[in-house]
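The structure appears below as structure tokens.
The values are calculated or read from the model by the stated rules, or taken from the named source; none is laboratory data. Being a predicted model, the structure only gives us computed values, none of them experimental. Because the Cβ atoms are built from the backbone with ideal geometry, glycine has one as well, and the counts that use them run over all protein chains shown. Please note that ligands, DNA and RNA were not included when accessible areas were found on the heavy atoms of the full protein model with its side chains. Shrake-Rupley method; radii C 1.70, N 1.55, O 1.52, S 1.80 Å.
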Amino acid sequence: MATSDSQAGNNPAAATPLESLPDARGHFGPYGGRFVAETLMAPLYELEAAYASAMNDPDFARDLARDLSDFVGRPTPLYHAAALSAEAGGAQIWLKREDLAHTGAHKINNTVGQALLAQRMGKTRIVAETGAGQHGIATASVAARLGLECVIYMGSEDMRRQATNVYRMRLVGAEVRSVNAGSKTLKDAMNEALRDWVTNVDDTFYIIGTVAGPHPYPQMVRDFQSVIGREAREQVANAQFGGLPDALVACVGGGSNALGLFYPFLDDAVACYGVEAGGKGVASGQHAAPLAEGQSGVLHGNRTYVMQDENGQVLGTHSVSAGLDYPGVGPEHAWLKDKGFVHYVSIEDAEALDALHATCRREGILPALETAHAIAYARELAASMRPDQTILVNCSGRGDKDMASVAEAEGTSL
């Protein structure tokens, strides 16, 4: 485990007008913005206007609430991981069970919102990118329900690691296109999805799966995912939990599940920890931790922290988790790091695998490899806290999809 910021207690965001960000140009301080081809500027302005209109329309709010309840299965429960807590020997660890949402991860929250917006804008075709497959499955499932054509771009290396998810996307009618460029992972899939959108923008809506991309995507995805934190705020008020948690922990690839949990708490005295993929160790260079080792740069239409060399070329990444294997991060996370509002740490592959096994054995819950990074850090954090304190971990997805990757990492053949 590596820590990029001090493990301070209370969050200093209480005096900051967070609701004012992003600004009118889509910036979070020096980050965010729109760095895209001229042909995409008009569609982005159209999307920004359509999103603003939808969010002020009671009919859209009603349809979104209905789908989150009846299609997604919200609210997802809070679960006291008593055995994990006892093993850690300190604070009480609770899980926000996004793994119990339809399609098995938090990704469905944002996908439902963007798909309804696409339908409202008269679009008939959806494109999306995916790494671990969770966003791809969520997008394909929502597109099937709404009768929209769906194309999912996926790196060929991720298709190999997530073969079951590829089949599942195809079962619900999506076309999955293999991307063989670059590292053949999420970064390259996102490049291809953007190219498709540029070419077919008249009838096509691009559903981005995380809080990255050109404005308004980082804001839009954050807002749709904030249902996680809003719901959790209501749930922690019950007698068993007893009030606000002392700390929030979530994994960070692009960072949508983390912002979804953190955002509604940023004005509170709650410490927030985002956990990046430390891979084989940040010092080894084989990791996916841009907030720990990256520099300010432009990637996929926004300025943020990017893993890059001295010439600005994007570096390769490594993580046992396909969903965290991304060289950039959402621009709002970059701003939150600079301001010290969220503490960003990293967890290595071996630590995540150990946490996955512990959660299976102690709680009977199989978390996604992404989530296992957050649980690994929560166990370490808990040991440094008192038993009467609480940590709320976003259990962002279930690990069925990762069985082949876990087995391969441990030298087992399924």
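Inspect all residues belonging to the stretch 403-414 and state whether any of them is surrounded by 24 or more Cβ atoms within 10 Å (Cβ to Cβ) and either under 19 Å from the mean Cα position of the chain (by Cα) or assigned to a helix (DSSP H, G or I) (or both). No, there is no match, as no residue in the stretch 403-414 is surrounded by 24 or more Cβ atoms within 10 Å (Cβ to Cβ) and either under 19 Å from the mean Cα position of the chain (by Cα) or assigned to a helix (DSSP H, G or I) (or both).
Just one residue in the set ASP67, ASP158 is in a helix (DSSP H, G or I), modelled with pLDDT under 95, farther than 30 Å from GLN389 by Cβ and open to solvent by less than 10 Å² (accessible area, probe 1.4 Å); that residue is ASP158. PRO245 meets the conditions (1) open to solvent by less than 20 Å² (accessible area, probe 1.4 Å); (2) part of a strand (DSSP E or B) in every case but one. The failed one is (2). Residue pairs whose Cβ atoms lie under 9 Å apart, sitting 6 or more positions apart in sequence or on different chains, and linking a residue in the stretch 167-190 that is of a type in the set (S, T, N, Q) to a partner that is open to solvent by 70 Å² or more (accessible area, probe 1.4 Å), are SER178/LYS184. Looking across the stretch 248-272 at every residue that is in contact with a helix residue (DSSP H, G or I) (Cβ under 6 Å, 6 or more places away or on another chain) and part of a strand (DSSP E or B), the one that is farthest from ARG97 (Cα to Cα) is identified as CYS272. When the stretch 26-61 is filtered for residues that are modelled with pLDDT of 95 or more, assigned to a helix (DSSP H, G or I) and hydroxyl-bearing (Ser, Thr, Tyr), the ones remaining, listed by number, are TYR45, TYR51, SER53.
In the stretch 290-356, counting only strands (runs of 3 or more DSSP E) that sit wholly within it, the ones holding 2 or more residues that are more than 29 Å from ARG398 (Cβ to Cβ) and at pLDDT 95 or above span 295-299, 302-306. Report yes if some residue within the stretch 131-143 is of a type outside the set (Gly, Ala, Ser), under 19 Å from CYS251 (Cβ atoms) and part of a loop (DSSP other than H, G, I, E, B); otherwise report no. No; the residues of the stretch 131-143 include none that is of a type outside the set (Gly, Ala, Ser), under 19 Å from CYS251 (Cβ atoms) and part of a loop (DSSP other than H, G, I, E, B). Taken over the stretch 109-140, the criterion of being of a type in the set (Ser, Thr, Tyr) and either crowded, with 24+ Cβ neighbours inside 10 Å or closer than 20 Å to LEU259 by Cβ (or both) is satisfied by THR111, THR130, THR139. Kindly indicate the residue of the stretch 40-64 that is free of Cβ contacts under 8 Å to residues at least 12 places away in the same chain and hydroxyl-bearing (Ser, Thr, Tyr) and also least open to solvent (accessible area, probe 1.4 Å) among those meeting that condition. Going through the qualifying residues, I end up with SER53. Residues being in contact with a His (Cβ under 8 Å, 6 or more places away or on another chain) and surrounded by fewer than 21 Cβ atoms within 10 Å (Cβ to Cβ) are entirely absent from the stretch 319-333. Only residues that are on the phi < 0 side of the Ramachandran plot and either more than 21 Å from the chain's Cα centre (by Cα) or of a type in the set (A, V, I, L, M) (or both) were counted in the stretch 60-119, giving 35. Residues in the stretch 161-183 that are over 23 Å from THR199 (Cβ atoms) and surrounded by fewer than 16 Cβ atoms within 10 Å (Cβ to Cβ): ALA163, THR164, TYR167, LEU171. Scan the stretch 361-389 for residues that are closer than 22 Å to HIS106 by Cα and either touching a Pro at 6+ places or on another chain (Cβ under 8 Å) or not in a helix (DSSP H, G or I) (or both) and the total you get is 6.
Taking the stretch 190-219 as the range and being surrounded by 24 or more Cβ atoms within 10 Å (Cβ to Cβ) and assigned to a helix (DSSP H, G or I) as the test, the residues that pass are MET190, ALA193, TYR217, PRO218.
Residues are listed down the side, and each one gets a yes or a no for (1) in contact with a Phe, Trp or Tyr (Cβ under 7 Å, 6 or more places away or on another chain); (2) closer than 29 Å to SER319 by Cβ:
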| site | (1), (2) |
| --- | --- |
| ALA42 | no, no |
| ALA54 | yes, no |
| THR76 | no, yes |
| SER85 | no, yes |
| GLN92 | no, yes |
| ASP99 | no, yes |
| GLY122 | no, no |
| GLN134 | no, yes |
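Condition test on GLY229, is it buried (at least 20 other Cβ atoms within 10 Å of the Cβ) and closer than 24 Å to VAL151 by Cβ? No; evaluated as a whole, the condition is false for this residue. Cβ separations smaller than 6 Å between residues 6+ apart or across chains give the following pairs from the stretch 312-324 residues that are within 17 Å of VAL282 (Cβ to Cβ) and among the polar types (S, T, N, Q) to residues that are open to solvent by less than 40 Å² (accessible area, probe 1.4 Å) and in a helix (DSSP H, G or I): SER321/LEU369; SER321/GLU370. For the stretch 65-82, a residue qualifies if it is small (Gly, Ala, Ser) and in contact (Cβ under 8 Å) with a residue 60 or more places away in the chain, and exactly one does: ALA81.
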